[in-house]
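Enquirer: I have a structure here, written as structure tokens, and I will follow up with some questions on it.
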Number of protein chains: 2
Amino acid sequence: MPEPIKILIHGGAGTILPSAMTPELEIQYKNGLSQALTAGYNVLKDGGPSLLAVETAVKVLEDNPLFNAGKGSVFTHDKRHEMDASIMDGKTLKAGAVAGVTNIKNPVNLALKVMRESDNVLLTGEGAEKFAASHGVKQVESSYFYSEFRYQQLMAIIDTHKAQLDHNVKVAVGEDNKKFGTVGAVALDKDGNLAAATSTGGLTNKKFGRVGDSPIIGAGTYANNETCAVSATGQGETFIRYVVAYDISCLMAYKGLSLADACREVISKIDKADPECGGVIALDARGNFAFEFNTPGMYRGLMQQDENPECWIYR
Amino acid sequence: MPEPIKILIHGGAGTILPSAMTPELEIQYKNGLSQALTAGYNVLKDGGPSLLAVETAVKVLEDNPLFNAGKGSVFTHDKRHEMDASIMDGKTLKAGAVAGVTNIKNPVNLALKVMRESDNVLLTGEGAEKFAASHGVKQVESSYFYSEFRYQQLMAIIDTHKAQLDHNVKVAVGEDNKKFGTVGAVALDKDGNLAAATSTGGLTNKKFGRVGDSPIIGAGTYANNETCAVSATGQGETFIRYVVAYDISCLMAYKGLSLADACREVISKIDKADPECGGVIALDARGNFAFEFNTPGMYRGLMQQDENPECWIYR
């Protein structure tokens, strides 16, 4: 019987509509997702741990300018890039996270270093960058993150006092057009170990050192072999207040819900508070998986044994 | 029938032993706790909301140099003070938090401003300070936080590469002597609304922008009228990984446990992973309350209708 190794990824959720997408761009997105899935899956296929698989997949997404994480990160109000990421190991419940880092090529890699090489879970800002410098994590100039497209996204709203929830094909036109750019992965390895990772550039035009759910263990990321691995994308504040990732785990552990039912219940709960606020990818230790979101679309994909990567954008 | 208004507070947990305490200092601690309880309780007695009661109580603890929060915050490795705080409203599930602020007299007040006057939950570092400056939150010079006692605590371990988990009567002597200085409050008002708040200076000699559980909704702080209000103190990394505050809520909501049983189960769970790692104060909407910790002591207190403040230090 083949091992149930499996990886799921997401590249953000929101008002992603066919009418706003070109065929060429759709192919680019799907190619980006497929590359990340394949890279992560290859780790699993080679017998590697889920922790490395999710880090690998998220790094590929961080390196792709289409997604709002790493290289494709959006601009803050101060024309900077402040990135957040986290990773969690479902076997040990160890976790690492960084928030507000500005010069790290792959924030998810730094999060893994924090988990493995520090006594801490969450490092922030310049301090996290000092840790990176002393632990061999790749740092880059801020120009690495520059793109004219992202800059114009900022310019379009810099005077509006609105932080844009947006990451998408064109410059955002308003709040009707909510898109949450964040990337994430969950994986199950041959030893039955789960892991989850999430990385983001946050919100265009964000101010005041705002941090969302991506680096918060229990909100944007959670993994526990006994229940599930979850990575979220969406309106970070809602995901923090509803402790979304851990809520799914608790519904499984304490109420006996299946992974799919737990995901549906939690997304239904947050939908009442904040319609079209995002979604999750989730996986349990038996290989059951779920993509659950209350937005019209979520960039997402799955790869499992002896199959090609499968990617979807719309509902 | 009198309303079940009630407030609980803590001032940190750890290896607090009678042998290391003088009678004078014990009185000072208990007086500090009593002042905070009385201030918070008076808000409730005047018909005020639990949210304001917990903010008020925590502010009194932040202003007291005995406790590791606000004025009494410990030094980081860089001889700074980096403070974290959060607050949550059990009626609305709204929350506010700040991490890594250096010049805020009352971080819990800033957390409340974030909740009320921003679209965000968590603001960090200099960005959070800019928000404070533009929202009338009291800022102070770094000298405000200086104390010779705290400075000597840092000097004793600055070359050890250890972050000290410590906040106590004497300069820490090692890891056998774990003390987690953090302050927090949970309250129930006449309308049956719960609230929770937590504030800390973190770890002596902490580096790299380390942030613990205090500003993390679900880990160090959580409030929900349907279940409970919780404020935690302890080894922040463990409390983050186990999503301690929200775990208590989930055990009540999904498994039907009483508040006391839920607190016991969660502290028992983290005790297996990390002995003597801290504790929680918790309160439900019917006025049931719990102090649960796996350390020899926790500075803590309770005030309820027509009674004097009651305070305890040891188990």
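Enquirer: If we scan the stretch A:274-297, do we find a residue that is in a helix (DSSP H, G or I) and open to solvent by 10 Å² or more (accessible area, probe 1.4 Å)?
Expert: If we filter the stretch A:274-297 for residues that are in a helix (DSSP H, G or I), which is where we start, we get none.
No, the conditions are met nowhere in the stretch A:274-297.
Enquirer: Has the stretch B:197-208 got at least one residue that is more than 13 Å from chain A (Cβ to nearest Cβ), open to solvent by 30 Å² or more (accessible area, probe 1.4 Å) and without any contact (Cβ under 8 Å) to a residue 60 or more places away in the chain?
Expert: no
Enquirer: Looking at B:T56, B:T38, B:T92, which one is open to solvent by 10 Å² or more (accessible area, probe 1.4 Å), more than 23 Å from B:C277 (Cβ to Cβ) and outside any helix (DSSP H, G or I)?
Expert: B:T92
Enquirer: Looking only at the stretch A:122-140, how many residues end up being in contact (Cβ under 8 Å) with a residue 12 or more places away in the chain and within 22 Å of A:F208 (Cα to Cα)?
Expert: 6
Enquirer: For residues that are more than 14 Å from A:I240 (Cβ to Cβ) and either at pLDDT below 95 or open to solvent by less than 20 Å² (accessible area, probe 1.4 Å) (or both), tally how many sit in the stretch B:107-124.
Expert: Residues meeting the conditions: 4.
Enquirer: Please work out which one of (1) farther than 22 Å from A:L123 by Cα; (2) at the interface with another protein chain (Cβ under 10 Å from one of its Cβ atoms); (3) not basic (K, R) is the condition B:A245 fails and give its number.
Expert: Against the list (1) farther than 22 Å from A:L123 by Cα; (2) at the interface with another protein chain (Cβ under 10 Å from one of its Cβ atoms); (3) not basic (K, R), B:A245 comes up short only on (1).
Enquirer: Being open to solvent by less than 10 Å² (accessible area, probe 1.4 Å) and not in a strand (DSSP E or B) is the filter; apply it to the stretch A:217-226 and report the residue that is farthest from B:D247 (Cα to Cα).
Expert: Out of the qualifying residues, it is A:G220.
Enquirer: Still on this structure, please answer the following. Scan the stretch B:114-132 residue by residue and report those that are over 21 Å from B:G218 (Cβ atoms) and more than 8 Å from chain A (Cβ to nearest Cβ).
Expert: B:E117, B:E129, B:A132
Enquirer: Check the stretch B:133-141 and report whether any residue there is among the hydrophobic types (A, V, I, L, M, F, W, C) and either under 18 Å from B:L51 (Cβ atoms) or within 14 Å of another protein chain (Cβ to nearest Cβ) (or both).
Expert: Yes, the conditions are met somewhere in the stretch B:133-141.
Enquirer: Does B:N68 qualify as being under 29 Å from B:F208 (Cβ atoms), more than 10 Å from chain A (Cβ to nearest Cβ), open to solvent by 10 Å² or more (accessible area, probe 1.4 Å) and touching a strand residue (DSSP E or B) at 6+ places or on another chain (Cβ under 8 Å)?
Expert: Against the criterion (under 29 Å from B:F208 (Cβ atoms), more than 10 Å from chain A (Cβ to nearest Cβ), open to solvent by 10 Å² or more (accessible area, probe 1.4 Å) and touching a strand residue (DSSP E or B) at 6+ places or on another chain (Cβ under 8 Å)), B:N68 does not qualify.
Enquirer: Would you please name the residue that is nearest to A:A185 (Cα to Cα), looking only at residues in the stretch A:3-35 that are open to solvent by less than 10 Å² (accessible area, probe 1.4 Å) and in a helix (DSSP H, G or I)?
Expert: Ranking the candidates gives A:L33 first.
Enquirer: Taking the condition of being more than 11 Å from chain B (Cβ to nearest Cβ) and of a type in the set (D, E), how many residues in the stretch A:209-242 meet it?
Expert: Residues flagged as more than 11 Å from chain B (Cβ to nearest Cβ) and of a type in the set (D, E) within the stretch A:209-242 amount to 1.
Enquirer: So, in the stretch A:131-166, of the ones that are outside any helix (DSSP H, G or I) and open to solvent by less than 30 Å² (accessible area, probe 1.4 Å), which residue ends up farthest from A:M115 (Cα to Cα)?
Expert: Out of the qualifying residues, it is A:I158.
Enquirer: On to the next question. Which of the residues that make up the stretch A:225-275 are closer than 23 Å to B:S118 by Cβ and among the aromatic types (F, W, Y)?
Expert: Once the filter is applied, which keeps residues that are closer than 23 Å to B:S118 by Cβ and among the aromatic types (F, W, Y), the stretch A:225-275 yields A:F239, A:Y242.
Enquirer: Okay, moving on. Just checking, does the stretch B:76-84 include any residue being within 14 Å of chain A (Cβ to nearest Cβ), open to solvent by less than 20 Å² (accessible area, probe 1.4 Å), of a type in the set (D, E, K, R) and in contact with a strand residue (DSSP E or B) (Cβ under 8 Å, 6 or more places away or on another chain)? Spell out the reasoning first.
Expert: Kept after step one, since they are within 14 Å of chain A (Cβ to nearest Cβ), are these residues of the stretch B:76-84: B:76-84.
Narrowing the set further to residues that are open to solvent by less than 20 Å² (accessible area, probe 1.4 Å) leaves B:76, B:81, B:83-84.
Filter once more, keeping what is of a type in the set (D, E, K, R): B:84.
Retained after the next criterion (residues that are in contact with a strand residue (DSSP E or B) (Cβ under 8 Å, 6 or more places away or on another chain)): B:84.
Yes, the stretch B:76-84 has at least one match.
Enquirer: Return yes when A:A232 is in contact with a strand residue (DSSP E or B) (Cβ under 8 Å, 6 or more places away or on another chain), open to solvent by 10 Å² or more (accessible area, probe 1.4 Å) and of a type outside the set (D, E) and no when it is not.
Expert: No.
Enquirer: So, one more: Limited to the stretch A:253-271, what total is found for residues that are open to solvent by 30 Å² or more (accessible area, probe 1.4 Å) and within 13 Å of another protein chain (Cβ to nearest Cβ)? Spell out the reasoning first.
Expert: Of the residues in the stretch A:253-271, the ones open to solvent by 30 Å² or more (accessible area, probe 1.4 Å) are A:253-258, A:260-261, A:264-265, A:268-269, A:271.
Still in the list and also within 13 Å of another protein chain (Cβ to nearest Cβ): A:253-257, A:261, A:265, A:269.
Qualifying residue count for the region: 8.
The values are calculated or read from the model by the stated rules, or taken from the named source; none is laboratory data. The structure displayed is predicted, hence computed values, not measured ones. Backbone-built Cβ (ideal geometry, glycine too); neighbour counts: all protein chains shown. In case anyone asks, the SASA skips ligands and DNA or RNA and just uses the protein heavy atoms, side chains included. Shrake-Rupley method; radii C 1.70, N 1.55, O 1.52, S 1.80 Å.
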